[in-house]
1. Please work out whether the stretch 109-241 counts as rounded, prolate or oblate from its C-alpha gyration tensor, where a ≥ b ≥ c are the square roots of the eigenvalues and a/c under 1.5 means rounded, while otherwise a/b larger than b/c means prolate and anything else oblate?
2. Between TRP374 and ASP251, what is the label-to-label distance in nm when each label sits 7 Å out along the Cα-to-Cβ direction?
3. Holding the Cα-Cα limit at 24 Å, pick out from LYS156/LYS364; LYS208/LYS308; LYS144/LYS208 the pairs that are longer than that.
4. Do any chymotrypsin sites (Phe, Trp or Tyr not before Pro) in the stretch 286-348 lie in a loop, going by DSSP, with at most 15 other beta-carbon atoms within 10 Å of their beta carbon, and if so which?
5. For the pair SER288/ARG215, report the inter-label distance in nm, with labels modelled 7 Å from Cα in the Cβ direction.
6. The stretch 336-390: percent of C-alpha pairs farther apart than 12 Å?
7. Of all GluC sites (Glu not before Pro) in the stretch 299-390, which ones are in loop regions per DSSP and have a Cβ with at most 16 other Cβ atoms within 10 Å?
8. Averaged across orientations, what area in nm² does the convex hull of the alpha carbons in the stretch 274-320 project?
Amino acid sequence: MSFTVEARDEDHRCPTEAHGTGRAIAINLKCSHDAKDSSPNASDMQQFNGKLTITIDLSGLLSSAHKPQEHAIGNRQLNKALCPQLEGGTFSTIAQYPLRTAPIIKKRPEDKFVAFENPFLSPPEVITGLNLLDCSNERTVRIKLSVENVTNSSFKLTASTWSDTRLQDVGCDWLAVHSLTDGQETGSYISTGMYSTREDQHWSVTIKHLVRPVRFQKSYHAAPTIVAWICGIDVNTSGQANLRVHLTITDVTTTGFNINVHSWLDTTLYSVDVSWLAYPPGLPGIESGVFGGLGGGYPGWQSYGLPKGNHEAEKTASLSGQVSFNKFWNLIRPPRRVLVGFTMLDLPNKNNFRLKLACEGVTKEGMVWRADSWGGSEFYGCSGAYIALA
């Protein structure tokens, strides 16, 4: 007598996605007779005739505790490598102080303790991307996002400035990632990192074109997808120079990629902080990309401000555009969350530097991105990178 065990989620979801939803897994026990065994007696056959279904409630289990044995990047099989635990959110000082109208000088950092909706099995990696800025143009613009005290259930996010900067508001999106280092040997893991241009040159040296190679701890089987966000900036705008910075990713291979930081014309850019994410191609449940635009409808935002790239645009107070998804069209619901962060900024030195990046109208097919200024401020162009989570 032998038994076959079949495990099936009620809506065929990955175990990590079932965590915290109160859903259950049905385990079917089927009875069959092996010729090598002694003949089953009547009581056996009567007791196990057909199948027995046992329902186990998984609402209290950690999603990361599931450890499927196979890694199959590039197909539809659901396993640990293909079902990472990802959680994202938003932080904004406007949300904390919605009635603030007068510019102020920050005397201390703005902190927020973030509790994860679904605790991780171990402390995750957390990356951040700046997507809201309101800062005086009369002083140097200095902003830094930092993550501290990361545990399996929470972390502290800090937005800070220093010296004589007059920073009114700042906002960002964040993503917590279970890095899946168990998949390193198969090239199916997720990796994250942070980089500051101060690692390569002194802050007082103006950046015009800086390239930093990044190497993965372990090689991927195929070139991974890279997402990078600006998470800190130090640029001197005390004269009449625009705030200009452009972050790009190039030369992606199975072993690494290049981070490129640019400024142009008379901008004095001292430093930029960058956070990045790399994940295997074909990984379900996550999709990413870049978007952007220039005032006046000028083309070429991808190369705007770069050597031999486009430098023409007109001032505007609003830009928007459409993004199409490639992975989510066959889902029942739209992505549960879309995270965005700046990758390029060109803000004129006239009023406060004010710009907010966001998305709206999210469906299974795509979304609309928006960049808006306010209070008489304008911008020439901007771009961003998005991460959509199923």
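1. oblate
2. Here the modelled spin labels are 4.2 nm apart.
3. LYS156/LYS364, as the Cα separations exceed 24 Å there.
4. Qualifying residues, ordered by number: TRP329.
5. The two pseudo-label positions are separated by 2.1 nm.
6. Roughly 66 percent, once rounded to a whole number.
7. GLU312, GLU314, GLU365
8. Quarter of the Cα hull surface area: 5.3 nm².
Read the figures in this text as sums done on the coordinates, not as results from a lab. Remember, it's a predicted structure, so these values are computed and weren't measured experimentally. Cβ atoms come from the backbone with ideal geometry, glycine included; neighbour counts cover every protein chain shown.
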